[in-house]
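Student: Dropping a structure here in structure tokens format, bear with me for questions.
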Ligand SMILES: Nc1ncnc2c1ncn2[C@@H]1O[C@H](COP(=O)(O)OP(=O)(O)OP(=O)(O)O)[C@@H](O)[C@H]1O
Ligand SMILES: [Mg+2]
């Protein structure tokens, strides 16, 4: 059982433990089918020796009826084994998919990033499918293979000990032939799975970047790259296919050769009176079963390396414990008191420089704070500290004097509406997207949220709340998507708004008017906005200027214009005024 250890072994034992009855059912059905199968050749030999040769027709009819009944048992048993076996394996697959899905939700942004989105999809779909097939194989074919082989050998020995060398040689020969094939096919199969991974990856990247690829006139280059991965996969598949096509004929040749030897040896033994014709027939029947049993066993052994690889990729995710700490449930934060950044520093794993260094400032309820700064200045990272999408590597963020990490995480997130840089709409309807924030909100609530963010007009034009939202909101303009995302944030009625560049795709007039509306509608909330456009700062009660991850200054527009050079430079650059 050495090869059954490791990730797949653990997964398999867990699966069996959870579905003990189903597993027992599969095994019982198989043993029944197997015993019925093993009885057949013996019944056959009885019919020939005592019925056909002796001319006893009633005997032939009687034993024939028994044989028929046994055949029915064999059929029913085999069908039940397959049906229960696939119930078992599809159930295991379903569990794995939902466990992977639920578990991935608990991972921190960093952990998710390390695993990678593409790989998470492959793990959830392809690796689970491979595992499902392997669980099926191991529970059915791999379990019966050795039983049938041993059973058939024992039964044939009972028939004739003198014939036993033939069957032993046949079993060994089969094992060698099938073994060679498997040794050659397995690495190819693993390689072709990697090739599929690669193809998936480039396909995903290219499909999502189609517009950009077209815009740059790079279709040819990209197609060539795709063709290359495609070619590689095809070549591998061809080799696997060729080997598989060869396996069957070779197995048949070996089986037929042993059959010839059996008949030669058998004929001699019949001549010398050591064997009957019926026994020889039965012996041939057992020989076929031994060949089948060995082939089944080897086929099941062939899936183990792949199953092992897939299972450990799955375990890799499931065993990644979330590195997010959370305070006890019921430890509810309050943001009535100011939020303080105290020497907050964030250094991403593997990064040489901190994305945010030693930032200290305070934002109070009822105020709008706009964090301005150039690209890559650390705005998104700074804002992500509030809903704890990242945690500070040094320093802290506090609310009411208490570190955010000691509040209960779900309660913390419930009080914050976070709008990400890309809007994050999902396919469905406008109402469906908005109700992600508040599932029981009435239509009136939805409309008033849409009014706040100047989205009501275009939603009405699209036919109202049931208007369709395409994948990632692709059927809306960038600015419309942002206004829908903001409306979703408003609907929650949070204590804190964290808006990361949520206005960047709107023209300056719309952007500032939406932010003003928001301030009016959420006058008791803390609003923090990250922006590259200086115009947003006009609406701010307080502006925080960041540059290279550091907080350069805080103040209002006029003060900063006067005292803060980076700010002044940004204003000049964006207004087109040249000194
Ligand atoms: N997940 C991450 N892993 C490693 N480095 C990161 C990660 N996210 C951001 N960074 C780095 O941290 C720095 C700050 O990035 P951040 O996204 O906070 O900037 P930003 O001010 O929001 O920029 P933009 O205006 O372009 O959105 C950048 O140098 C960026 O490369
Ligand atoms: Mg950003």
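The values are calculated or read from the model by the stated rules, or taken from the named source; none is laboratory data. Remember, predicted model here, so these are calculated numbers, not experimental data. Virtual Cβ from ideal backbone geometry, glycine too; neighbours counted across all protein chains shown.
Student: Looking only at strands (runs of 3 or more DSSP E) that lie completely in the stretch 346-423, which have at least 3 residues being away from ligand 2 (no atom under 14 Å from the Cβ), over 36 Å from the mean Cα position of the chain (by Cα) and surrounded by fewer than 19 Cβ atoms within 10 Å (Cβ to Cβ)?
Tutor: Of the strands (runs of 3 or more DSSP E) lying wholly inside the stretch 346-423, those with at least 3 residues that are away from ligand 2 (no atom under 14 Å from the Cβ), over 36 Å from the mean Cα position of the chain (by Cα) and surrounded by fewer than 19 Cβ atoms within 10 Å (Cβ to Cβ) span 356-363.
Student: Then there's this: Go through (1) within 16 Å of ligand 1 (Cβ to nearest atom); (2) free of Cβ contacts under 8 Å to residues at least 40 places away in the same chain; (3) closer than 22 Å to residue 499 by Cβ for residue 384 and report which single condition fails.
Tutor: Every listed condition holds for residue 384 apart from (2).
Student: OK, next. What residue, of 450, 412, is away from ligand 1 (no atom under 16 Å from the Cβ) and under 25 Å from residue 520 (Cβ atoms)?
Tutor: Selected residue: 450, the only one of 450, 412 that is away from ligand 1 (no atom under 16 Å from the Cβ) and under 25 Å from residue 520 (Cβ atoms).
Student: Go through the stretch 98-111 residue by residue and tally those that are surrounded by 15 or more Cβ atoms within 10 Å (Cβ to Cβ) and touching a helix residue (DSSP H, G or I) at 6+ places or on another chain (Cβ under 8 Å).
Tutor: 5
Student: Which helices (runs of 4 or more DSSP H) sit wholly inside the stretch 117-160 and have at least 3 residues that are at pLDDT 80 or above and either out of contact with any strand residue (DSSP E or B) (no Cβ under 7 Å at 6 or more places or on another chain) or closer than 30 Å to residue 106 by Cα (or both)?
Tutor: Filter on the stretch 117-160 gives 128-139, 141-159.
Student: Moving on. Could you go through the stretch 555-570 and let me know if any residue there is in a helix (DSSP H, G or I), under 24 Å from residue 422 (Cβ atoms) and within 16 Å of ligand 1 (Cβ to nearest atom).
Tutor: yes
Student: Given 371, 402, 390, 359, which one is more than 30 Å from residue 473 (Cα to Cα) and within 12 Å of ligand 1 (Cβ to nearest atom)?
Tutor: Only one candidate qualifies: 359.
Student: Is it the case that residue 470 is farther than 21 Å from residue 379 by Cβ and more than 16 Å from ligand 1 (Cβ to nearest atom)?
Tutor: yes
Student: Looking at (1) part of a helix (DSSP H, G or I); (2) under 22 Å from residue 518 (Cα atoms); (3) more than 16 Å from ligand 2 (Cβ to nearest atom), which is the one condition that is false for residue 436?
Tutor: Going through (1) part of a helix (DSSP H, G or I); (2) under 22 Å from residue 518 (Cα atoms); (3) more than 16 Å from ligand 2 (Cβ to nearest atom) one by one, residue 436 breaks only (1).
Student: Oh, and also: Out of (1) away from ligand 1 (no atom under 13 Å from the Cβ); (2) touching a strand residue (DSSP E or B) at 6+ places or on another chain (Cβ under 7 Å), the odd one out for residue 366 is which?
Tutor: (2)
Student: Report every pair of residues separated by at least 6 positions or lying on different chains whose Cβ atoms are under 9 Å apart, first residue within the stretch 156-184 and assigned by TED's automatic domain parsing to the domain that holds residue 303, second surrounded by 14 or more Cβ atoms within 10 Å (Cβ to Cβ) and outside any helix (DSSP H, G or I).
Tutor: 159/275; 160/274; 160/275; 162/274; 162/275; 163/275
Student: If you don't mind, another one. Just need a number here: residues in the stretch 262-287 that are surrounded by fewer than 16 Cβ atoms within 10 Å (Cβ to Cβ) and assigned to a helix (DSSP H, G or I).
Tutor: 7
Student: Before we move on, is residue 219 within 22 Å of residue 190 (Cα to Cα) and surrounded by fewer than 16 Cβ atoms within 10 Å (Cβ to Cβ)?
Tutor: Answer is no for this residue.
Student: Given the condition in contact (Cβ under 8 Å) with a residue 40 or more places away in the chain and not in a helix (DSSP H, G or I), answer yes or no: does some residue in the stretch 299-321 qualify?
Tutor: Yes.
Student: Return only the number of the condition from (1) buried (at least 17 other Cβ atoms within 10 Å of the Cβ); (2) within 27 Å of the chain's Cα centre (by Cα) that residue 126 does not satisfy.
Tutor: (1)
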